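Following: one structure in structure tokens, then a few remarks.
We did not get these values from a lab; they are worked out from the coordinates using the rules stated. Being a predicted model, the structure only gives us computed values, none of them experimental. For neighbour counting, all protein chains shown are included, and Cβ atoms are generated from backbone atoms with ideal geometry for every residue, glycine included.
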Amino acid sequence: MIDVLRNTDERHFLLNDETFELLPALRISGRIIEQLRALPQGKVCSEDEFTELLNQYVPNLGTQQRKWILDAAAIGAYRAQTDFPVYHLNKPGQTRSGRSPDCARCGLVGRPAGVSSQ
């Protein structure tokens, strides 16, 4: 989904406060989160750079854990960039009002961040 929203070929990754807020919801353990805090914070990385950092600082990640960390760091980088509008993704089945119409199931519901409904 991030690739579609960014409309670019290369993904970027960032460890920031938002990334660390997402990790517990993705069931990343506290031990692994603490290991991730040793990585450079606030530095936008390419996929190769970020993968190398994960290999160096958290070498024993499972496949699913690695995917979730990559996803969280990609979301952190997406939301931190200022080159184009940032859309905040709702949970599947949730709209801005909290109702669950069928059209909300895709998870991309709403306006770019900072755009009011008035």
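General observations
- Ratio of the Cα radius of gyration of segment 2-84 to 2.2 N^0.38 Å, where N counts its residues: 1.01
- Residues Leu53, Leu14, sorted so that the one with the fewest Cβ neighbours within 10 Å comes first: Leu53, Leu14
- Exposure proxy ranking, count of Cβ atoms within 10 Å, fewest first, for Phe20, Phe50: Phe20, Phe50
- Exposure proxy shown here: for Arg79, Arg66, Arg27, the number of other Cβ atoms within 10 Å sets the order, fewest to most, as Arg27, Arg66, Arg79.
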